[in-house]
Amino acid sequence: MNFEELIKKLHVLLAEKDVAEVKEEVIRVMKSYKSNKDDWKKYAHFSAQSYTRNLVDRGNGKFNLILLCWGEGQGSGVHDHSGSHCFMKIMEGQLVETLFAWPHDPNVQEQLTEIDSKTYENDQVAHICDDHGIHRVENRSHSNPAVSLHLYSPPFDAAQSFDENSGKAKKCKVTFHSENGQINN
């Protein structure tokens, strides 16, 4: 299966059903695609300032398929997924996901509690939703970039970002560095 076939399979899978009904099937389909850089390199745009979110497909309003490009040492802040399911497939390199418990009380400042940390490598697939907690994703390598494919269903345009030391949250707009291989200005 090539990258375009993967996208078509995801369209079919999510056309009629809610993602929660087909979660295991989405994971299976994403695992079945063996990453081939020649398939997806046109979507892979990096930035020296931060990781990039490159929109590959809008999934007919059912999902967003996004290629994230992580330079050496780059990572996300701690964030939620606005009620969406997130599937992450490692396309190249290695990423560390750190899972945190939700803050107990948004009115009380307290350090976030780390629940778990996992390292994902080429072709592995992870799943998270807000029921699991909030998380941070990082490329801890100082010599190799990383690339991951994310499917968010339903798609969302804003999420909460959390301060790790205080637990305080702020709304952040979701933006794309590129769409369909073309860098946004």
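The values are calculated or read from the model by the stated rules, or taken from the named source; none is laboratory data. As the structure is a prediction and not an experimental result, all values here were calculated from the model. Ideal geometry is used to build each Cβ from the backbone, glycine not excepted, and the neighbour counts take in all protein chains shown. Remember, those area values only see protein heavy atoms, side chains included, never the ligands or the DNA or RNA. Shrake-Rupley method; radii C 1.70, N 1.55, O 1.52, S 1.80 Å.
Yes/no matrix, rows are residues, columns are (1) touching a strand residue (DSSP E or B) at 6+ places or on another chain (Cβ under 8 Å); (2) outside any helix (DSSP H, G or I); (3) within 21 Å of LEU95 (Cβ to Cβ):
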site: LYS9; (1), (2), (3): no, no, no
site: TRP40; (1), (2), (3): yes, no, yes
site: ASN60; (1), (2), (3): no, no, no
site: LEU65; (1), (2), (3): yes, yes, yes
site: GLU72; (1), (2), (3): no, yes, yes
Inset, instruction - Could you give me the residue pairs with C-beta distances under 8 Å whose first residue belongs to segment 51-80 and is in contact (Cβ under 8 Å) with a residue 40 or more places away in the chain and under 26 Å from SER143 (Cα atoms), whose second residue is of a type in the set (A, V, I, L, M) and in a loop (DSSP other than H, G, I, E, B) wherever it lies, and which are 6+ apart or on separate chains? - result: ARG53/VAL174; ASN54/ALA44; LEU67/ALA44; CYS69/ALA44; GLY71/ALA48; VAL78/LEU112
Legend entry - Which numbered condition ASP80 fails, given (1) acidic (Asp, Glu); (2) modelled with pLDDT of 95 or more; (3) open to solvent by 40 Å² or more (accessible area, probe 1.4 Å): (3)
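If we scan segment 63-71, do we find a residue that is modelled with pLDDT under 95, open to solvent by 10 Å² or more (accessible area, probe 1.4 Å) and either under 11 Å from the mean Cα position of the chain (by Cα) or not β-branched (Val, Ile, Thr) (or both)? Quick ask: steps written out before the conclusion?
Quick first cut of segment 63-71, residues modelled with pLDDT under 95 only: none.
No, that holds for no residue.
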Inset, instruction - For residues that are over 13 Å from LEU149 (Cα atoms) and of a type in the set (S, T, N, Q), tally how many sit in segment 46-65. - result: 4
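Sort out which residues of segment 131-158 are without any contact (Cβ under 8 Å) to a residue 60 or more places away in the chain and over 13 Å from the mean Cα position of the chain (by Cα), and write them in order of number. Break it down into steps so the answer makes sense when it comes.
Keep residues of segment 131-158 that are without any contact (Cβ under 8 Å) to a residue 60 or more places away in the chain, which gives 131-135, 157.
If the condition is that a residue be without any contact (Cβ under 8 Å) to a residue 60 or more places away in the chain and over 13 Å from the mean Cα position of the chain (by Cα), then ASP131, HIS132, GLY133, ASP157 are the ones that fit.
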Inset, instruction - State whether one or more residues within segment 169-176 are within 26 Å of GLU92 (Cα to Cα), of a type in the set (Gly, Ala, Ser) and either touching a strand residue (DSSP E or B) at 6+ places or on another chain (Cβ under 6 Å) or surrounded by fewer than 19 Cβ atoms within 10 Å (Cβ to Cβ) (or both). - result: no
Inset, instruction - Give me a count of the residues in segment 11-38 that are charged (D, E, K, R) and in a loop (DSSP other than H, G, I, E, B). - result: 4
Legend entry - segment 1-45 - residue that is surrounded by 12 or more Cβ atoms within 10 Å (Cβ to Cβ) and of a type in the set (Gly, Ala, Ser) and, of those, nearest to ALA146 (Cα to Cα): ALA44
Legend entry - Residue match in segment 82-98 (condition: assigned to a loop (DSSP other than H, G, I, E, B), more than 19 Å from GLY181 (Cβ to Cβ), of a type in the set (D, E, K, R) and touching a residue at least 40 places away in the same chain (Cβ under 8 Å)): no
Inset, instruction - May I ask you to list the residues in segment 113-161 that are farther than 25 Å from ASN180 by Cβ, part of a strand (DSSP E or B), touching a Gly at 6+ places or on another chain (Cβ under 7 Å) and not β-branched (Val, Ile, Thr)? - result: ARG136, GLU138, SER161
